[in-house]
Amino acid sequence: MTTKTMITDATTAEIWEEHDIAGNQSLGFWLYLMSDLVLFGAIFATYAVLGHNYAGGPTGRELFNLPMVFAETLLLLVSSATFGLVMIYMHQGKRDWVLGWMAVTFLLGLGFVVMEVHEFHTLISEGNGPDRSAFLSAFFTLVGTHGAHVASGLIWMAVMFVQVIGKGFTLPVQSRLMRLSMFWHFLDIVWVAVFTIVYLMSFV
Amino acid sequence: MSHSSIDRTGPSRGTFTSYGIGFVLSILLTAIAFWITMNGTASRAVILTTIFAAAIAQILVHLHYFLHLDRSSAASWNVLALIFTFLIMVLFVGGTLWIMHSLDYRMM
């Protein structure tokens, strides 16, 4: 009999506690988020350099719809708060509340992605795609990268639905939910910079 | 059945109060930024200052109330990594803008 098979569920919990595995995982994930922030920094720098090169095409003021952007912002903001509720109910071990609020968070995030896809579709079908000007190339790259992150977060959330239902609140599942919450709040922070620098600045 | 829970560090240290305060402040700061821009009656300098101040304030609100970054020992490595990342980003973004604007100016 190897030592591996001797580890029961109880000792697994002890090992997790002793080595603070969840803490190490969240620090490692935080370092990933920081490297992601550097990626966004590079794309923001590109946007800042190219953002006024319209090549005779439309400017942001002519293309963007601020009430729609405000609605997108609210969707993401409310979803950040509802994921906060997921974390609170996870610590209380209330499975149904976790699943319920995670469903709300998922729908809000999905609403955000749908609104963004709709905005992109409208722009491209009117001939203002990323090939129109350097400004639009930089715009699609920056906003699209953020949108792709939100879409990845939604996939991750769907996986966590299955894991919470199938495995319950095991320590690894809790640790994953905590890292998903870090990812989700992080995307909200990046969006604050996006709506300020890309959308609001176009109207100033 | 007992419920074993992971350590309440980082984003898992939230309470109803902390998320509530963070949420209300974020909504307020977002509303101020959008309102002053859509209203458009203020001068350009005032609008720019307001939306950047609101954005920086909102980022700090998110870090504090949602991600629970503070000076507690559990969060210190996270804060250190964040500060280092900001240094990199200032060099990155600031350096890019400096070089490209200088290039633009010299080629006029």
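Values in this text are rule-based calculations from the coordinates and carry no lab data. Predicted model only: the values in this text are computed from it and were never measured. No Cβ is skipped: glycine too gets one built from the backbone with ideal geometry, and neighbour counts run over all protein chains shown.
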*In nm, to one decimal, how far is the B:Asn39 label point from the A:Trp156 one, both placed 7 Å along Cα→Cβ?*
3.8
_chain A: C-alpha pair distances exceeding 31 Å, %_ = 31
*asked:* Need one value for A:174-180: mean number of C-beta atoms belonging to other chains within 10 Å of its residues' C-beta atoms.
replied: 3
_Below 8 Å between Cα atoms, with a sequence gap of 6+, how large is the relative contact order for chain A in percent?_
31
*Each label point is 7 Å from the Cα along the Cα-to-Cβ direction; what then is the distance between the points at B:Ser76 and B:Ala31, in nm?*
4.0
*Only Lys, Arg, Asp and Glu count, each charged at its Cβ (+1, +1, -1, -1), so figure out the dipole size of the stretch A:29-203 about its Cα centre, rounded to 20 debye.*
600
*asked:* Could you work out how much longer the chain between A:His118 and A:Ile15 gets when fully extended? Use 0.36 nm per residue separation minus the Cα distance between them, nm to one decimal.
replied: 32.3 nm
*Can you give the mean number of other chain Cβ atoms that lie within 10 Å of the Cβ atoms in peptide A:26-35?*
5
_Give me the dipole magnitude in Debye, nearest 20, for chain B about the Cα centre, with unit charges on the beta carbon: positive for Lys and Arg, negative for Asp and Glu._
60
_Peptide A:125-134 - average C-beta neighbours from other chains (10 Å radius)_ = 0
*P(r) histogram, all alpha-carbon pairs of the stretch A:29-95 included - 10 Å bins from 0, percent*: 16, 21, 36, 18, 7, 2
*Can you pull the Kirkwood radius for the stretch B:15-68, inverse mean 1/r over Cα pairs, to one decimal in Å?*
11.6
*Size of the stretch A:67-165 as Cα extents on the principal axes (Å, biggest first)*: 52, 26, 18
*Decide, for chain B, between rounded, prolate and oblate: order the square roots of the alpha carbon gyration tensor eigenvalues as a ≥ b ≥ c, take rounded if a/c falls under 1.5, and otherwise choose prolate if a/b is larger than b/c, else oblate.*
oblate
